[in-house]
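Reading through the structure tokens given below for one structure.
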Amino acid sequence: MNLLLQLLANGIVNGAMFALLAIGFGLVYRSLRVFHVAYGACFVLSAFVYYLLVTCGGWPWWLAGLGSIATSAAIGTLMEAGFYWPFYRRRISSEAVLVASLGLAIMLENVMALLFGNEVAAIPRGLSQSVTLGPVRLTMIQIAQFAICTSVASAVFLLLRLPSFKIVLGMGENTELVQTLGHSLPRYRMLVLGLASGIAAVPACLVMTDVGMDVHAGMSYLLIAAVAVLAGGVARAPGWLLGAYLVAVLQSVVIWKFSAKWTGLVAFALLLAILLFRREGLVGLHKRKEEG
Amino acid sequence: MSLIEPSKELPPQAVRHSAQSPDDPVPAWMLWGLLLLLIVLLYAWRPTYVSHLLVMFGIYLLLSTSLNLVTGFGGLMSFSHAAFYGIGAYAYAVARLQAGPSGDQAESIIWAAGWPFVPAILFAMAVGALFGWLVSLVTLRFRGDYFVFATLGIQMIIFSVLYNWVELVRGPYGLYGIPRPDLFGWSLRDSWQYLLMLVPVVTTVVGALWIVYRSEFGLKLKAMREDERAAMSTGIATNRMAGLAMTIAAGVAALAGASYASYVTYIDPTSFSLSESIFLVALLMLGGAGNLTGPVVGTLIMVALPEAMRFVGLPDAVAANVREIIYGGLLAGLMFWRPQGIAGERFVGT
Amino acid sequence: MINSISPLDADNSGILVFKDLHKRFGDIAVLKGVSGKLVPGQISAFVGPNGAGKTTLFQLLTGELKPDRGSATLNGQNILGSSPYRLAGRGIGKLFQDVRAFPNLSILDNVIVAIVARQSYRDKPFDFGLVRNGRSQVLAKKAREYLSRVGFDANEEALAKNLSWGNQKLLALARLLAGEFRCVFLDEPIAGISTLMANRMVPLIRELAEAGVAVALIEHEITFVESLANDVIVMNEGVVIDSGSASEVLSHAETREICLGL
């Protein structure tokens, strides 16, 4: 029982991080209809920017974090302007864009491998004392992870409730809407990608501070984000959170029962199982078919 | 009375297309003739480097022509082809390896049969086709983005099993000492002898696939690629067609894997990773999906590319990464500029 | 006037009988109990304003959608819930509103697809016979017959996507003929094509009916309906509000208002 609570606690901490990851991916997939495979590479890149700023630059963690978020947002914006937008202008089908994005992800991953090598990088942790709450033990860094990610997620949700951000969520269904309302579509698309990439940098820095990562981790983090969004339901943002927590708790159970190496497999099997029975995801709207 | 509207509406390329139909067999057969001639000439001389390249060319030809059936004809972007390639390689290896006291490695894996060459090859193909069919049952429930993502996930799962389930096939340690082919007591030692066996196999299988491309089955797959709803309304069971295509393709990919394993005699999972699947799709798209010669052209270019890079003189550690950067860039660029490939028909993206 | 349609018996003489079909999308009920039948050799035109449920009805009867309630039989055998390709195998064909010729196949191949799909449906689902060699000459010859029936006579190797909209419709019609269906659904066959082309489409559709095919069509052009249909079914808001011969139905004031007052 105690063990179960501990696993649940670990799962919730990771869930908070995956939730941010999923929000970024979900925003892009929902609003731009772009299956952003390079998102995983972006995530790793921002983690390494943070690593460099802290270890080589000697910046304090919070400043390095902000630096990483800013860099990531800038790269995301650039990606939209220089990569996805030309595809959109040519009306290239979404699956071709997915494949192109996969190509971009592979390029980024290997560029990073050339720059940073293949070893796992991690920042020596300063906050390793732990806190005991009844049967559950959490390290300070875990508590920080949970607190930071949850507050950022709440902030993003509040941001999306602003009238000007309503358009961002409406974009997916009706791209013309943006232009009809007199806004610039390219600018809104850049905003979404910038925002999503910035959001992803937060868990990236936190993972870097805790367990660290190597340059090839992008694909598995992308898998987590995509599984959370698709399993939770693309149409509704709360579904993404549900998906993220589900994946995280499941992972901690798998780690306890079997081994960490099977987490990707289990997450993907979960996704397939959900999609086979509920195409629209756990929290989803039934798609309305065309009418006569 | 002609009901057709004035043909001035036909752009000139329509006429060009009719003159140079993608199904036109002549250049393909000429290409084969040239290839055969080249092999005969080289056999007189026998540099190992060239024979190695030819073997790899043959193996990749099997992979690209089989993937073409699913991706070029069925219009389904599959990123799990390298997984079937790997399944074939491993199935062949475990079927061939001797169980018993002689090999310490055979002790540490679940099953090793010690079969002769031909049953092992057939076994590998059957296992590959079986997996292809099973994967098609799941992935064909989806289309578009979801299909691509599902195949990508299947690729990662199969890789993860090969890599992490150490008791199954020794994971990252790989399998070594896989026996080379021996046919009728005649064992193939060097790569030129190996080529003598591979050429008839590849020619037969690729020839058979070309017949499949041009059959009614191939035409139905094309119709499905073009417009699935319309294809169904004419009476084509599209899911069944695509499932069959995936089964055949996986079987042939497994044959390629078995050939590879019997040629290099050592395999580990890293040869069958996601980047290999990406490489295969890039190779096919580069040559042009959905026709006969596309896979041949693509395979030629992609097998030659690493060699060209070696001549440039990049250090090995860097070269691997640079190669993947090139593949990734090619894939993205092809999707943008020529979604139909260099020589081929239209593919994804209208 | 509402529900004036006479109750139908489950007789097998009417080739396709449908009863009390219901379909809703989310909160919107698109079909609220539609019944009728399609008779061999007869042309039935479904008219009514946009959103009346005509296309949805066609999608139910061709297997593209499943109804929430109701029944439909072809010669007394249930057809609901079957997939489109099975229904095609049982003789139900469709001309899509948006045509859907196979864009990157040649004109000839477009028709050959329909022939091989029909021939191979039951006896040989997996056919590796060559299309373009030997036996293929037979197929090509057959395909040319269908093409010449609709009036295509040139450039059979041109890709379908390079054809004009009207010619794509003709091609789709040739494909439909090649399917040798017993019952065809034409969703706005003349919409968006020139009057010249439309006038050529009319005899083709009539020929189809004369050959004993049950033809159902959706059309907004009332003059076209008058000249072609044996039977007109007027739909509005998911129900059939009137039916009968063209002249009869169009003499009713309410129907005229709904159909022509668009």
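The values are calculated or read from the model by the stated rules, or taken from the named source; none is laboratory data. If you're wondering where the values come from, they're calculated on a predicted model, not measured in any experiment. Here Cβ is always computed from backbone atoms with ideal geometry, including for glycine, and neighbour counts include all displayed protein chains.
Of note:
- Looking only at segment C:47-78, and only at residues there that are in a loop (DSSP other than H, G, I, E, B) and more than 21 Å from residue C:239 (Cα to Cα), the one that is farthest from the other protein chains (Cβ to nearest Cβ): C:76
- Residue B:335 being closer than 30 Å to residue C:159 by Cα and either assigned to a helix (DSSP H, G or I) or modelled with pLDDT under 90 (or both): yes
- Qualifying residue in segment A:137-157 (condition: assigned to a loop (DSSP other than H, G, I, E, B), of a type in the set (Gly, Ala, Ser) and farther than 15 Å from residue A:204 by Cβ): no
- Filtered residues of segment C:56-89 (kept if under 24 Å from residue C:178 (Cβ atoms), of a type in the set (Ser, Thr, Tyr) and buried (at least 23 other Cβ atoms within 10 Å of the Cβ)): C:62
- Of the helices (runs of 4 or more DSSP H) contained entirely in segment B:79-178, those carrying at least 2 residues that are over 25 Å from residue A:103 (Cβ atoms) and away from chain A (no Cβ under 14 Å) fall at B:81-96, B:104-107, B:117-139.
- When segment C:147-168 is limited to residues that are closer than 21 Å to residue B:226 by Cα and more than 7 Å from every other protein chain (Cβ to nearest Cβ), the one that is surrounded by the most Cβ atoms within 10 Å (Cβ to Cβ) turns out to be C:163.
- Criterion applied to A:197, A:220 was being out of contact with any Phe, Trp or Tyr (no Cβ under 6 Å at 6 or more places or on another chain), under 21 Å from residue A:158 (Cβ atoms) and not aromatic (Phe, Trp, Tyr), and the one residue passing it is A:197.
- Evaluated against (1) more than 30 Å from residue A:2 (Cβ to Cβ); (2) in a helix (DSSP H, G or I), residue A:173 falls short on exactly one condition, (2).
- Here residue B:240 meets each of (1) touching a Pro at 6+ places or on another chain (Cβ under 8 Å); (2) touching a residue at least 12 places away in the same chain (Cβ under 8 Å); (3) not aliphatic (A, V, I, L, M) with one exception, condition (2).
- Tally, over segment C:38-52, of residues that are modelled with pLDDT under 90 and not hydrophobic (A, V, I, L, M, F, W, C): 4
- Restricting segment B:218-239 to residues that are acidic (Asp, Glu) and assigned to a helix (DSSP H, G or I), the residue that is surrounded by the fewest Cβ atoms within 10 Å (Cβ to Cβ) is B:228.
- Restricting segment A:84-108 to residues that are outside any loop (DSSP other than H, G, I, E, B), without any contact (Cβ under 8 Å) to a residue 24 or more places away in the chain and surrounded by fewer than 19 Cβ atoms within 10 Å (Cβ to Cβ), the residue that is farthest from the other protein chains (Cβ to nearest Cβ) is A:89.
Yes/no per residue for (1) under 26 Å from residue B:232 (Cα atoms); (2) at pLDDT 90 or above:
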position: C:184; (1), (2): yes, yes
position: C:197; (1), (2): no, no
position: C:205; (1), (2): yes, yes
position: C:215; (1), (2): yes, yes
position: C:219; (1), (2): yes, no
position: C:241; (1), (2): no, no
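- Residue C:214 meets each of the listed conditions (1) within 14 Å of chain B (Cβ to nearest Cβ); (2) within 19 Å of the chain's Cα centre (by Cα); (3) touching a residue at least 40 places away in the same chain (Cβ under 8 Å); (4) buried (at least 21 other Cβ atoms within 10 Å of the Cβ) apart from (1).
- Filtered residue count, segment A:218-275, keeping only those that are outside any helix (DSSP H, G or I), away from chain B (no Cβ under 11 Å) and not aliphatic (A, V, I, L, M): 2
- For segment A:109-121, the criterion of being modelled with pLDDT under 95 and either in a strand (DSSP E or B) or more than 14 Å from every other protein chain (Cβ to nearest Cβ) (or both) is met by at least one residue.
- Residue C:143 being of a type in the set (A, V, I, L, M), surrounded by 24 or more Cβ atoms within 10 Å (Cβ to Cβ) and within 23 Å of residue C:38 (Cβ to Cβ): no
For (1) of a type in the set (Gly, Ala, Ser); (2) under 29 Å from residue A:87 (Cβ atoms); (3) in contact (Cβ under 8 Å) with a residue 24 or more places away in the chain; (4) buried (at least 22 other Cβ atoms within 10 Å of the Cβ), each residue gets a yes or a no:
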| position | (1), (2), (3), (4) |
| --- | --- |
| B:257 | yes, no, yes, yes |
| B:272 | no, no, yes, yes |
| B:287 | yes, yes, yes, yes |
| B:295 | no, yes, yes, yes |
| B:317 | yes, no, no, no |
| B:329 | yes, yes, no, no |
| B:337 | no, yes, no, no |
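- Considering the conditions (1) touching a Pro at 6+ places or on another chain (Cβ under 6 Å); (2) under 23 Å from residue B:124 (Cβ atoms), residue B:251 is excluded by exactly one of them, (1).
- In segment A:203-217, the residues that are crowded, with 24+ Cβ neighbours inside 10 Å and within 11 Å of chain B (Cβ to nearest Cβ): A:215
- Annotation note: of B:230, B:245, the sole residue that is over 21 Å from the mean Cα position of the chain (by Cα) and either free of Cβ contacts under 8 Å to residues at least 12 places away in the same chain or within 11 Å of another protein chain (Cβ to nearest Cβ) (or both) is B:230.
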